[in-house]
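Colleague: Sending over a structure as structure tokens; questions will come in a sec.
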Amino acid sequence: MARDNHRRDRDSEKAPEFVDRLVHINRVAKTVKGGRNMSFAALVVVGDEMGRVGFGKGKAREVPEAIRKATEEAKKVMIRVPLCEGRTLHHDLRGYHGAGKIILRAASPGTGVIAGGPMRAVLECLGVQDVVAKSIGTSNPYNMVRATFEGLKRAESPRMIAAKRGKKVGDLVSRRRHGSSAPEAIEI
């Protein structure tokens, strides 16, 4: 008995705790011979608030089942995004999907998450605390989430860029001036 409790404790330590946000729910009707079949489509974002995030879609006859399916899919397709000081992005990003265009800008401490709807859900699940974001074009939540993910996939840390170029991180990152709290500039 004590052995089983120990095993459960150890398993719960391994499993990361995920935060999920329901971004959008849509009622869908299929017209058939006898009338209409109603079902629900859900868009869910899942993240660990430490640099990993994913999104998924689910469709079912009941809302809770659609949300469950979307959450499972989101956990399967998570991506890792490098964060600067665990609170913001290393550099500005742009993402495109269909008519959806988004701009993500790194921000100084205390700024907060300035983003709308679907982008806010993605950034909060990711664990970003200071960022300024703008969506241009479509307001379709599916395309906004996909555009946000396309932008986040392009994020690189100074360590990653230094490894690609075969240099040291110190050669790329300018030294911080006294009193400056903005993210470090990367030489391009």
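Colleague: Looking at (1) under 22 Å from Val173 (Cβ atoms); (2) assigned to a helix (DSSP H, G or I), which one does His90 not meet, given that it meets all the others?
Modeller: It is condition (2) that His90 fails.
Colleague: Scan segment 113-126 and tell me whether some residue there is modelled with pLDDT of 90 or more, over 14 Å from Val53 (Cβ atoms) and surrounded by 14 or more Cβ atoms within 10 Å (Cβ to Cβ).
Modeller: Yes, there is a match, as at least one residue in segment 113-126 is modelled with pLDDT of 90 or more, over 14 Å from Val53 (Cβ atoms) and surrounded by 14 or more Cβ atoms within 10 Å (Cβ to Cβ).
Colleague: A follow-up question, please. Output yes when any residue across segment 58-76 is under 12 Å from Val145 (Cβ atoms) and outside the structural domain of Pro141 (by TED's automatic domain parsing), and no when none is.
Modeller: Scanning segment 58-76 turns up at least one residue that is under 12 Å from Val145 (Cβ atoms) and outside the structural domain of Pro141 (by TED's automatic domain parsing).
Colleague: Restricting attention to segment 95-122, report how many residues are in contact (Cβ under 8 Å) with a residue 60 or more places away in the chain and more than 19 Å from Leu43 (Cβ to Cβ).
Modeller: Result for segment 95-122: 3.
Colleague: Looking at (1) touching a Ser or Thr at 6+ places or on another chain (Cβ under 9 Å); (2) in the same structural domain as Phe149 (by TED's automatic domain parsing), can you tell me which one Val113 breaks?
Modeller: The number of the failed condition is (1).
Colleague: With respect to Gly54, determine if the residue is surrounded by fewer than 16 Cβ atoms within 10 Å (Cβ to Cβ) and free of Cβ contacts under 8 Å to residues at least 60 places away in the same chain.
Modeller: So Gly54 does not fit the description; no.
Colleague: If you don't mind, there's one more thing I want to ask. Can you give me the number of residues within segment 139-188 that are small (Gly, Ala, Ser), modelled with pLDDT of 80 or more and surrounded by fewer than 17 Cβ atoms within 10 Å (Cβ to Cβ)?
Modeller: Qualifying residue count, segment 139-188: 4.
Colleague: Continuing with the same structure: Which one is nearest to Arg80 (Cα to Cα), of the residues in segment 37-48 that are surrounded by fewer than 23 Cβ atoms within 10 Å (Cβ to Cβ) and either in contact with a Lys or Arg (Cβ under 7 Å, 6 or more places away or on another chain) or in the same structural domain as Asn143 (by TED's automatic domain parsing) (or both)?
Modeller: My answer is Ala41.
Colleague: Quick one: count up the residues across segment 18-46 that are in a strand (DSSP E or B) and either more than 18 Å from Gly116 (Cα to Cα) or among the polar types (S, T, N, Q) (or both).
Modeller: Residues that pass the stated criteria total 16.
The values are calculated or read from the model by the stated rules, or taken from the named source; none is laboratory data. Keep in mind the model is a prediction, meaning the values are calculated, not measured. Positions of Cβ are generated from backbone atoms using ideal geometry, with glycine treated the same way; all protein chains shown enter the neighbour counts.
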